[in-house]
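A.B. asks: I'd like to ask some things about the structure below.
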Amino acid sequence: MKLVLVFLSLILSGFSWADGHLAIEGAVANSDRPEADTARDANRKPAEILEFFGIEAGIKVLDIFAGGGYYSEILSYPVGVNGSVTLYNSGSWDGFVGAVVAERLAGSCLPNVESVVAEPNAANFMVSNYDAAIFVLGFYDLYYASEGWPAIDADSFMSAIFDSVKPNGVIGIVDHAATLGVSVEVANTLHRIDPSVIRHDLDQAGFFFEGESDVLRNPENGRITAMSDPEIRGKTDRVVYLFRKPST
């Protein structure tokens, strides 16, 4: 129902789905979004992020480690009835957010969003199925492991993601930045990732770097504090990268 109401309100206002900017702005401004989501908007800047990633009507999007579905819900509106969103979580992630996802999708209120739970080391996405993938605040989890959170083969997983994206499709990455040159072990301690690791892993998978946005940069954050520290939570220095799969 939420999706239908947004469509109707935009049509009545003379909106054209060709205007991706208005579609994304309208999605973020939707009054039916959960209060817990809208409270995060000022720090996450979802409109700016999705515009940078080139989200538009009619495309298929894979939301990787989507958590409770904050971005999946926003994405559902601009991609429209001819597009779709796959809200993907690992089993470990689902253990934390499964109830939140179920509530968000209850009653088929977001009919173009499908929840998928699969272990990263056995993920089997359809080949060349997605026009875009987004990986927001979860790339570091490829290097995080603990009891109940099995280690992930980052190279194998990113290879599967590469295969799932259509030629000329894109993947957008947002994550908490660690100091350049530090070990990936900071994923376990600070829940951050060295941006050069992201660049390296995406290059190894076959994507090429297309650009970056500074919309979530915070130079005052020294990158050496855990992202969960109450004093900086929601205000970390974050990188925003866009990569593209070659057309051939």
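A.B. asks: Regarding residue 53, is this residue touching a Phe, Trp or Tyr at 6+ places or on another chain (Cβ under 8 Å) and within 22 Å of residue 158 (Cα to Cα)?
C.D. replies: Numbers: touching a Phe, Trp or Tyr at 6+ places or on another chain (Cβ under 8 Å): no; within 22 Å of residue 158 (Cα to Cα): yes.
So residue 53 does not fit the description; no.
A.B. asks: Right, something else. Report every pair of residues separated by at least 6 positions or lying on different chains whose Cβ atoms are under 8 Å apart, first residue within the stretch 66-83 and farther than 16 Å from residue 37 by Cβ, second modelled with pLDDT of 95 or more and buried (at least 24 other Cβ atoms within 10 Å of the Cβ).
C.D. replies: 79/55; 79/61; 79/85; 83/61
A.B. asks: Of the numbered conditions (1) crowded, with 17+ Cβ neighbours inside 10 Å; (2) modelled with pLDDT of 95 or more; (3) within 28 Å of residue 47 (Cβ to Cβ), residue 143 satisfies every one except a single condition; which is it?
C.D. replies: (3)
A.B. asks: Related question: Looking only at the stretch 103-147, how many residues end up being over 25 Å from residue 166 (Cβ atoms) and of a type in the set (S, T, N, Q)?
C.D. replies: 2
A.B. asks: Which condition number in (1) surrounded by fewer than 20 Cβ atoms within 10 Å (Cβ to Cβ); (2) of a type in the set (Ser, Thr, Tyr); (3) closer than 22 Å to residue 57 by Cα is the one that residue 130 fails?
C.D. replies: (1)
A.B. asks: Return the total of residues in the stretch 67-115 being among the β-branched types (Val, Ile, Thr) and assigned to a helix (DSSP H, G or I).
C.D. replies: 5
A.B. asks: Which residues, taken from the stretch 32-57, are more than 15 Å from the chain's Cα centre (by Cα), closer than 25 Å to residue 103 by Cβ and not in a helix (DSSP H, G or I)?
C.D. replies: Once the filter is applied, which keeps residues that are more than 15 Å from the chain's Cα centre (by Cα), closer than 25 Å to residue 103 by Cβ and not in a helix (DSSP H, G or I), the stretch 32-57 yields 32, 33, 34, 39.
A.B. asks: Same structure, new question: Is there any pair linking a residue in the stretch 112-126 that is in contact (Cβ under 8 Å) with a residue 24 or more places away in the chain to one that is among the β-branched types (Val, Ile, Thr), with Cβ under 6 Å and at least six apart or on different chains, and which?
C.D. replies: 113/85; 114/86; 115/101; 116/86; 120/152
A.B. asks: Sort out which residues of the stretch 31-65 are touching a residue at least 24 places away in the same chain (Cβ under 8 Å), of a type outside the set (A, V, I, L, M) and surrounded by fewer than 18 Cβ atoms within 10 Å (Cβ to Cβ), and write them in order of number.
C.D. replies: Filtering the stretch 31-65 down to residues touching a residue at least 24 places away in the same chain (Cβ under 8 Å) leaves 32-34, 37, 40, 43-46, 48-65.
Next cut, of a type outside the set (A, V, I, L, M) only: 32-34, 37, 40, 43-46, 48, 51-54, 56, 58, 60, 63, 65.
32, 34, 40, 43, 48, 54, 58, listed by residue number.
A.B. asks: A follow-up question, please. Can you tell me which residue in the stretch 196-235 is farthest from residue 160 (Cα to Cα), limited to those that are modelled with pLDDT under 95 and of a type in the set (Ser, Thr, Tyr)?
C.D. replies: Taking the stretch 196-235 as the starting set, the residues that turn out to be modelled with pLDDT under 95 are 218-235.
Now drop any that are not of a type in the set (Ser, Thr, Tyr), which leaves 225, 228.
Working: 225: 32, 228: 29 Å.
Taking the candidates together, the pick is 225.
A.B. asks: Is it the case that some residue within the stretch 159-172 is surrounded by 17 or more Cβ atoms within 10 Å (Cβ to Cβ) and closer than 11 Å to residue 120 by Cβ?
C.D. replies: yes
A.B. asks: Next question, about the same structure. Kindly indicate whether any position in the stretch 113-122 is at pLDDT below 95 and of a type outside the set (D, E, K, R).
C.D. replies: Yes: the stretch 113-122 contains one or more residues that are at pLDDT below 95 and of a type outside the set (D, E, K, R).
One line per residue, one yes/no per condition, for (1) assigned to a loop (DSSP other than H, G, I, E, B); (2) in contact (Cβ under 8 Å) with a residue 24 or more places away in the chain; (3) not polar (S, T, N, Q):
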position	(1), (2), (3)
188	no, yes, no
191	yes, yes, yes
219	yes, no, yes
224	yes, yes, yes
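The values are calculated or read from the model by the stated rules, or taken from the named source; none is laboratory data. Just so we're clear, the structure is a prediction, and the values are computed from it rather than from any experiment. No Cβ is skipped: glycine too gets one built from the backbone with ideal geometry, and neighbour counts run over all protein chains shown.
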